[in-house]
Amino acid sequence: MKILYRSYDDSTTIFKKLESEYPKYFKIESIGQTWEKRDINLITISKNIKTANSKPALFYTGTIHAREWIGHELAIEFASYVLKNLETDPTLQTYLSESTIYMVPCANPDGYEYSRNHFSFWRKNRRQNMDGTYGVDLNRNFPIGFVKSTNTSSNVYGGPEPFSEPETQCLRDFVLAHPNITIALDYHSQGNVFFPAHDFRHEDTIDTIDMNILCANMAEEIRKIAGREYGIHQGKPPAKLISGSGREFYYSQGILSSVVEVGTRNISDYMEDMNENIREHIPALIYALKEVDNYSKNSPIQRVNSFDITEIGSNHVNLKWDYKVNKDIYFEIFRSRSDKHYCNTSNLITKTQSLEFSDINLASNKDYFYNIRAVNKKTNQKSPFYPQIRVRTSVEYDEYSRTYYANAKGTGYVAENLNNNPKHFGVNSLFVGVDENKGISYAVISVNVKSLPKNALIKGASFNLYPINRVSTTIEKYGEWNVGLVNQETMGDITNFEDVDNMEIIRYIGRPTESHQLTQGIWRTWSLSGLECLDLKKSIVDDTIVLRVEGPKELRIGRTKQMMQWDIGYGKYGFGLSYRPRLELTYTIEPTVVALYPKSIHTVSNSEVIDDVITAGFDEKGNKIYSTFKFNLSSLPPYNNTMITKAYFELNSTKIYIKDDIRFHLEFVDENIEKSYKDITNREVIQNVGYDISANELKNNQTQYFVFDSFSEIILNEKLKNKSDIAFVLKPTSATKIIKDKTVSWEASNTALCPKLIIEYIPKRRLPVEQVTNAQLSMENGKIKVTWNNPKDEDFTGTKVIKNAYRKPLSAQDGQKLYAGVDEYTLDDFGATDIDKYYAIFTYDDVPNYSKPIILEYKAK
Ligand SMILES: [Zn+2]
């Protein structure tokens with residue numbers, strides 16, 4: 001027993017008191033009785049208790065698992081908070097005028113009292129089973145995915161049949177009698193994670209995004225209070241699915257439904273943790289209440305009919321959608337940089353009545369996630385979200401991108417007290433931290449980067465780990481998890497604990513991950529700084545990078561572990577290919593530098609054209625004298641495999657004797673100008689190159705550089721396409737009075753000092769390789785099989801296959817990844833065969849440029 005936690009009788013007394021104080025807003029009733037004849041309390045909160053059942057409702061359940069006391073305690077505090085503030089808080093008044101709160105504060109009163117008074121870690125109810133054992137796991141006693149078992153002493157024994165228990169029967173009856181419920185939240189402890197309903201299939205549902213965003217927005221309310229980060233994990237095959245849970249039953253009734261795992265242990269320290277958990281969850285619950293009305297089954301606001309990508313660039317993405325025209329409707333679009341992100345005012349990028357949107361000023365080679373909902377401007381009611389779009393912007397013209405996965409042989413964990421450490425490699429999840437049995441443990445991760453060119457200059461990098469389980473690992477609020485770059489020159493055996501413990505770390509990368517940031521279902525990323533990228537490159541030995549992940553090394557009294565479990569993506573416990581430890585790199589390569597010499601040079605004045613002389617200024621009548629230059633690009637390699645990354649023009653002045661305020665501009669001009677004065681004065685200027693220089697500056701600096709800006713570089717690249725000539729004009733200007741008979745000259749014939757166009761370029765394909773051919777769907781052993789033929793191009797690097805049930809993916813990220821590699825088939829291993837979906841097949845080269853996809857449409861029979 002813990003004195004600060006309220007008993008079941010205490011809460012009944014508190015609720016009865018609230019009912020007498022706030023009869024207009026609050027009601028307590030019994031919806032059934034337990035085996036031990038306790039009433040199962042249901043409380044209702046509404047702006048008007050008489051009409052409560054006619055409003056869309058939030059359904060809260062707590063402590064269905066006896067030892068998870070937070071649910072009961074939070075219900076008492078949340079109900080009290082709402083009632084105390086309802087008359088003064090206009091937001092609460094608005095929400096509760098439109099919606100209702102139903103709460104079953106404790107769905108397992110017998111078990112709860114047993115846990116309070118006798119056996120703290122009791123989980124089930126108190127049914128006496130036929131064989132003399134006690135208890136059914138009530139959260140395995142609902143019918144969806146119910147698993148029949150005779151193991152009655154198991155902690156997850158689901159009972160003789162679905163709804164065999166009085167506690168689950170009354171939850172069922174209440175939910176069936178209240179179709180106004182739109183959101184159901186079932187409170188458990190522990191794990192700091194939301195588990196939305198998973199639908200038992202390996203496919204996203206139309207409302208997967210609604211559940212993720214609901215949870216993400218609640219998580220953001222929690223983060224605002226104490227900085228704690230909550231995960232969101234919709235378990236999907238091959239992960240273990242939760243059978244017979246209340247959450248899945250509510251979801252089967254058309255209710256958005258999630259489990260909320262609160263805190264770091266089942267029964268937490270009330271003063272240190274529980275107070276904070278309650279404080280965090282009150283605003284999260286108020287947020288959920290705000291959304292209740294938007295998910296009403298008879299809501300007049302439908303989600304958009306489609307949401308598509310129409311164009312992807314290195315810094316922009318164009319989107320379009322479809323909706324029945326209605327002047328009262330506008331659309332909200334949210335943009336995030338990570339999956340399972342909140343959608344609130346801070347990432348709302350447009351409110352528009354248009355059916356398309358162009359998002360600009362994006363970064364290159366970055367993932368962006370877009371979400372859309374319709375809003376009625378009169379009622380402010382919102383539609384559900386359409387399934388999320390995921391895009392990766394193209395690489396910048398001088399960039400390449402690589403995703404490297406950990407290799408199985410060199411990736412595993414080593415623990416101080418285990419003698420089978422080598423056996424973990426390529427098989428077991430990565431356990432990092434400390435455990436009373438295993439002792440200290442590290443993960444070692446090896447990444448093969450053979451395809452990274454030797455002359456690569458890494459511009460950006462991130463290391464990513466997928467947290468596989470935060471619930472069974474029970475992490476307390478202390479310690480941090482770091483990733484170190486290992487010096488392989490001094491490294492011993494990576495499967496030996498002593499050697500790993502003694503590894504020399506060149507430097508730790510990114511920022512540490514603190515314990516309150518650990519969760520599951522959301523990738524953890526360590527982003528490298530520029531200096532860390534340099535060391536990352538230097539650390540490569542035999543085409544391999546080795547990283548060590550470490551966590552806390554000391555246990556606190558009374559605790560058995562402080563250990564995180566990350567996915568390895570291999571072996572029977574791994575979630576597969578997409579969940580392997582991942583290193584993302586953006587790089588460029590050292591350019592080739594060439595100096596081009598002019599094909600022709602002229603000085604053009606009103607009276608004459610002089611070949612091979614560079615003079616500019618003003619003649620005796622005050623007319624401008626120009627110099628012109630032509631270059632030819634034919635010595636550069638072919639356009640399709642070459643990117644010009646930098647260009648500048650070099651001039652060397654001579655004979656400087658003027659003091660007048662004359663400035664000189666170098667213009668990039670259309671190459672079709674003739675060398676006549678008329679032609680020059682009517683020239684078409686593409687862009688000024690660099691900045692103008694004054695006659696005075698020339699005295700101090702014999703050499704002048706005019707550097708191309710981005711626009712001139714783009715045009716220069718275009719000129720390369722046709723290998724055409726390019727032309728420049730050196731033009732004098734003066735701001736003051738007319739200047740007469742003043743000129744400056746530059747070196748024209750001396751090879752070292754004559755004008756030069758200096759160009760830096762890298763070899764890089766501009767266009768993708770061809771698409772696959774002969775793409776087909778077929779069935780093999782009950783699974784959908786995708787087959788194709790790869791193109792024969794020598795630059796072909798691989799094929800990527802993704803699936804999406806809601807749109808034809810234009811982006812190679814916009815869906816579930818099924819395959820990437822050089823094979824010519826893949827199986828949709830866990831995919832459902834009873835729903836329609838699209839498979840998109842992209843080819844890619846080593847940039848990568850992705851081809852336009854070949855789309856195959858699967859129609860369920
Ligand atoms: Zn639980």
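The values are calculated or read from the model by the stated rules, or taken from the named source; none is laboratory data. Bear in mind the structure is a predicted one, so any value in this text is a computation, not a measurement. No Cβ is skipped: glycine too gets one built from the backbone with ideal geometry, and neighbour counts run over all protein chains shown. Side chains are part of the model used for accessible areas, which takes the heavy atoms of the whole protein and leaves out ligands, DNA and RNA. Shrake-Rupley method; radii C 1.70, N 1.55, O 1.52, S 1.80 Å.
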- Rounded to the nearest 10 Å², the accessible area of F631 at probe 1.4 Å: 0
- Item | Lys, Arg +1 and Asp, Glu -1 on Cβ, resulting dipole of the range 526-685 about Cα centre, debye, nearest 20 | 1140
- Give me the distance between the Cα centres of the range 210-255 and the range 352-409, rounded to whole Å. 22
- Charge dipole of the chain built from unit charges on the beta carbon (Lys, Arg +1; Asp, Glu -1), centred at mean Cα; most positive-end Cα among I360, G244, T182 is T182
- Item | Selected from P453, V486, V500, residue furthest toward positive end of dipole (the range 377-528; charges at beta carbon) | P453
- Message: With only alpha-carbon atoms in the gyration tensor, what are the semi-axes of the equivalent ellipsoid for the range 456-591, in Å, largest first?
- Response: 27, 18, 15
- Query: Working from the pairwise distances between different alpha carbons, so that the mean of 1/r is found and then inverted, what is the range 361-462's Kirkwood radius in Å?
  - Reply: 18.4
- Kirkwood Rh over alpha-carbon pairs of the chain plugged into Stokes-Einstein at 4 °C, 1.567 mPa s gives a D in µm²/s of 41
- What does the charge dipole of the chain about its Cα centre add up to, to the nearest 20 debye, if the Cβ of each Lys and Arg holds +1 and the Cβ of each Asp and Glu holds -1? 1300
- Message: Computing the accessible area with a 1.4 Å probe over protein heavy atoms, can you report the carbon and sulfur percentage for the chain?
- Response: 47
- Hull surface over four for the Cα convex hull of the range 702-857, reported in nm², is 16.1
- Message: I want to verify the translational diffusion coefficient of the range 143-229 in µm²/s; compute it with Stokes-Einstein, Rh as the Kirkwood radius over Cα pairs, at 10 °C and 1.306 mPa s.
- Response: 99
- As straight-line cross-link partners of K740, the qualifying aspartates and glutamates (C-alpha separation under 18 Å, not fewer than 8 residues apart within one chain) are E608, D619, E620, D660, D661
- Query: Using alpha carbon coordinates only, what is the Rg to Rh ratio of the range 729-783, with Rh defined as the Kirkwood radius?
  - Reply: 1.55
- Query: So for the range 541-671, what percent of the C-alpha to C-alpha distances run longer than 21 Å?
  - Reply: 70
- With the dipole of the range 253-319 defined by +1 on each Lys or Arg Cβ and -1 on each Asp or Glu Cβ, the option from S306, L285, S257 whose Cα lies farthest towards the positive pole is S306
- Run the 1.4 Å probe and let me know the accessible area of K340, rounded to the nearest 10 Å². 40
- Message: Tell me the per residue accessible area of the range 362-440 using a 1.4 Å probe; a whole number in Å² is fine.
- Response: 37
- Message: What's the magnitude of the charge dipole for the range 369-524 around its Cα centre, counting Lys and Arg as +1 and Asp and Glu as -1 at the beta-carbon? Answer in Debye, nearest 20.
- Response: 1380
- Message: Quick query: amide H of R511 versus all other amide H atoms, modeled in the peptide plane; which residues come in under 5 Å with a sequence gap of 5 or more or a different chain?
- Response: S527
- Note on the structure: Expressed per residue, the solvent accessible area of the range 190-235 in Å² (1.4 Å probe) is about 24
- Item | Reachable lysines, given that their alpha-carbon falls under 19 Å from the alpha-carbon of K553 and they are not under 8 places away in the same chain | K438, K477, K561
- Item | Heavy atoms of Y413 accessible to a 1.4 Å probe, total area in Å² rounded to 10 | 10
- the range 283-361 accessible area per residue, 1.4 Å probe, protein heavy atoms, integer Å², reads 50
- Item | Note, ³J(HN,Hα) from phi for the range 607-612, Karplus 6.51, -1.76, 1.60, rounded to Hz, x at Gly and Pro | 9, 7, 10, 10, 6, 6
